[in-house]
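In what follows, a structure is listed as structure tokens, so that the remarks can point back to it.
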Amino acid sequence: MDTHSPLPEIAAYLARQKRVAKVRIPLLEDLTDELRDIVEHVRSLTSSWNPVELYTADPWSIKEEREKFLKAFVQGQEYQPRLTYSYAEGFSLAGSRDMLLRLLEKVRLFTPRNRTLKIAKIALFCKIKDDLATCDIVEGIKNRNDIQVGHALQYKYPGTDAVLISIAQSEYERHCRNEHVETPKKGSLTPKEQLTLRTMHLGAEDMKKAFEWALMQYGMLKTTKNPNGFQVVIDERATAIDVRDKSVLGPTVYIPASSVHSGERLLALMAHEIEGHARQSANGERLFLFGGGPLKVDDETLYEGLAMRHEHEFIERNFGTDDGSPFPDFYVFAIYKAEMGSCFQRVCMDQLTRQLHVALHIPHYESLPDTAKIDPDIYAKVLRSSWGVTYRVMRGHTDMQNRARFAMPKDAAYLRGWILDRELRKHGYGHMNEAAISAVGYLRILAEFSLEQTDLPYPHKDVTTDYMHMLLHEKPIAM
């Protein structure tokens, strides 16, 4: 993408920090007894709290309301979905908010005696504030207080800004024109091999075995000898494949029970979820006390940037590319519309218009043909995709009229994270995004440490390519 970084000062700051004396990475043993006690209290209180689990609606509710909405939509009728959140509604905070507030005050009053402890204080302070926002999500959903939910989500995840929208619009217009910005690159696979992988049909059990194999190659699979590793579960409630280092089950990769993917898609997900998300979390927990696992904060901008890097590098290397960027980012537009107060119906209508322009390669300034003149299969596919994007940015809402005027902005991380990760790599700091799951502001903290590629406990191995060859040659998985 021929665009500038929304945060160009980061690279310059990192470069300046090369000349600054480095400090010790704050591990648990580096903390004072007082801070260590606070850390253990926070871990025991919130290690199972995952906001995605809280603001994900019940699967049966999503399915029923999707069909009601789509049926009404094609008949030209307005219908606002009524989603339910059984997990959040049954979630017990049991005095956790009061305890977190007491711990926050202790952190505020703590006087660090060196720079390492000061950094630990800042990270712990941010972690507790993030957990208090999770309390707001729970209480807001239970009490149908969308203002409270909205404030919590806005605290956790950066929303849209003028630069991000401008970049998204530029990419959207280019994709509408089906415009190629570079000479197509040929992948390493033959056309026959590509077809083989694209026509495979792999279900949830196949994906579970594949992900477990990949985790095993890194030494990150949960076993009796490695009880803190990731497990892989097939879950009826899951609506998308999701790596959760904070979960009621501990570190877990969730796979929806209904999953069916091609070999190509499975491999892309392995690169994204295992070699990106799970590895970054494991590195962060090992290197930085607050860089992964149960003590990280929930902003996943850079987290998604790294995963997108691995996913698209794998696809480009093996399948080739005819495009200069991975996607037109529809999430940014949906988030912006919701932030401006649009209801579910209007966000979805805007998505349908935009996605049809791209699918039909019609310039954004030209009108779409009448629905009757659009291929019914294309229209149905785009409509369901528009629902999916809209649902994701309206998660957590109990009022789909959106009178509280907010979005669930987490998915802005895909485009923003992709840009920031690219900027880091361009200046030779790509390994810093592999070292920990960090909010954008945490890059200034990471810059204070002596951190090189060789310091990563789990360096990138590209096991996805190894698994690709196993799929192509139909070799059994050896655990």
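The values are calculated or read from the model by the stated rules, or taken from the named source; none is laboratory data. What you are looking at is a predicted structure, and each value in this text was computed from that prediction instead of being measured. Backbone-built Cβ (ideal geometry, glycine too); neighbour counts: all protein chains shown.
Based on this model, can you work out whether GLU139 counts as closer than 28 Å to ALA238 by Cβ, exposed (fewer than 15 other Cβ atoms within 10 Å of the Cβ) and modelled with pLDDT of 95 or more?
Criteria not met by GLU139.
Since GLU434 meets every condition but one in (1) part of a helix (DSSP H, G or I); (2) over 23 Å from ILE165 (Cα atoms); (3) over 19 Å from the mean Cα position of the chain (by Cα), which condition does it not meet?
Result: GLU434 fails condition (3) only.
Let me spell it out: the conditions are (1) at pLDDT below 95; (2) out of contact with any Asp or Glu (no Cβ under 9 Å at 6 or more places or on another chain); (3) of a type outside the set (Ser, Thr, Tyr), and HIS180 meets all of them except one. Which number is the exception?
So HIS180 meets the others, but not (2).
Filter the range 34-60 down to the residues that are assigned to a helix (DSSP H, G or I) and β-branched (Val, Ile, Thr), then identify the one that is surrounded by the fewest Cβ atoms within 10 Å (Cβ to Cβ).
We begin by selecting, within the range 34-60, every residue assigned to a helix (DSSP H, G or I); these are 34-46, 51-55, 59-60.
In the following step, the residues that additionally are β-branched (Val, Ile, Thr) were identified as 38-39, 42, 46, 52.
Values: ILE38: 23, VAL39: 21, VAL42: 21, THR46: 22, VAL52: 19.
Per the criteria, the residue is VAL52.
Answer yes if at least one residue in the range 437-445 is modelled with pLDDT under 90, over 11 Å from LEU302 (Cα atoms), outside any helix (DSSP H, G or I) and out of contact with any Leu (no Cβ under 8 Å at 6 or more places or on another chain), and no otherwise. It would help to see each step written out before you state the result.
Within the range 437-445, the first condition is being modelled with pLDDT under 90, and the residues that meet it are 437-445.
Now drop any that are not over 11 Å from LEU302 (Cα atoms), which leaves 444-445.
Now narrow it down to the ones that are outside any helix (DSSP H, G or I): none.
So far as the range 437-445 goes, no, none of its residues is modelled with pLDDT under 90, over 11 Å from LEU302 (Cα atoms), outside any helix (DSSP H, G or I) and out of contact with any Leu (no Cβ under 8 Å at 6 or more places or on another chain).
Looking at THR190, THR160, can you tell me which residue is among the β-branched types (Val, Ile, Thr), modelled with pLDDT of 90 or more and in contact with a Phe, Trp or Tyr (Cβ under 8 Å, 6 or more places away or on another chain)? Quick ask: steps written out before the conclusion?
On the way: THR190 fails: in contact with a Phe, Trp or Tyr (Cβ under 8 Å, 6 or more places away or on another chain).
Answer to the check: THR160.
I need a count of the residues in the range 384-431 that are more than 17 Å from the chain's Cα centre (by Cα) and in contact (Cβ under 8 Å) with a residue 60 or more places away in the chain.
In the first step, residues of the range 384-431 are kept if they are more than 17 Å from the chain's Cα centre (by Cα); the result is 384-387, 397-406, 423-431.
Checking which are in contact (Cβ under 8 Å) with a residue 60 or more places away in the chain leaves us with 384, 387, 397-406, 423-427, 429-430.
So the count comes out to 19.
Would you be able to tell me the number of residues in the range 212-245 that are under 27 Å from ASP58 (Cβ atoms), in contact with a helix residue (DSSP H, G or I) (Cβ under 6 Å, 6 or more places away or on another chain), crowded, with 19+ Cβ neighbours inside 10 Å and touching a residue at least 40 places away in the same chain (Cβ under 8 Å)?
2
Could you go through the range 264-280 and let me know if any residue there is under 20 Å from TRP49 (Cα atoms), touching a residue at least 12 places away in the same chain (Cβ under 8 Å), of a type in the set (A, V, I, L, M) and in a helix (DSSP H, G or I).
Within the range 264-280, one or more residues are under 20 Å from TRP49 (Cα atoms), touching a residue at least 12 places away in the same chain (Cβ under 8 Å), of a type in the set (A, V, I, L, M) and in a helix (DSSP H, G or I).
When you go through (1) touching a Leu at 6+ places or on another chain (Cβ under 8 Å); (2) part of a helix (DSSP H, G or I) one by one for PHE91, which number turns out not to apply?
If we test PHE91 against (1) touching a Leu at 6+ places or on another chain (Cβ under 8 Å); (2) part of a helix (DSSP H, G or I), just (2) comes out false.
Assuming ASP455 fulfils every condition listed in (1) in contact with a helix residue (DSSP H, G or I) (Cβ under 6 Å, 6 or more places away or on another chain); (2) farther than 26 Å from ARG66 by Cβ apart from one, which condition is it?
Condition not satisfied by ASP455: (1).
Of these, ASP98, ASP161, ASP131, which one is over 30 Å from GLN355 (Cα atoms), surrounded by fewer than 17 Cβ atoms within 10 Å (Cβ to Cβ) and of a type outside the set (Ser, Thr, Tyr)? First the steps, then the outcome.
Working: ASP161 fails: over 30 Å from GLN355 (Cα atoms); ASP131 fails: surrounded by fewer than 17 Cβ atoms within 10 Å (Cβ to Cβ).
Checking each option against the conditions leaves just ASP98.
Of everything in the range 221-254, what is of a type in the set (A, V, I, L, M, F, W, C), in contact with a strand residue (DSSP E or B) (Cβ under 8 Å, 6 or more places away or on another chain) and assigned to a loop (DSSP other than H, G, I, E, B)? Give them in sequence order.
Going through the range 221-254, the residues of a type in the set (A, V, I, L, M, F, W, C) turn out to be 221, 230, 232-234, 238, 240-241, 243, 248-249, 253.
This time we only want the ones that are in contact with a strand residue (DSSP E or B) (Cβ under 8 Å, 6 or more places away or on another chain), so: 221, 230, 232-234, 238, 240-241, 243, 249, 253.
Matches in the range 221-254: ALA238, ALA240, ILE241, LEU249.
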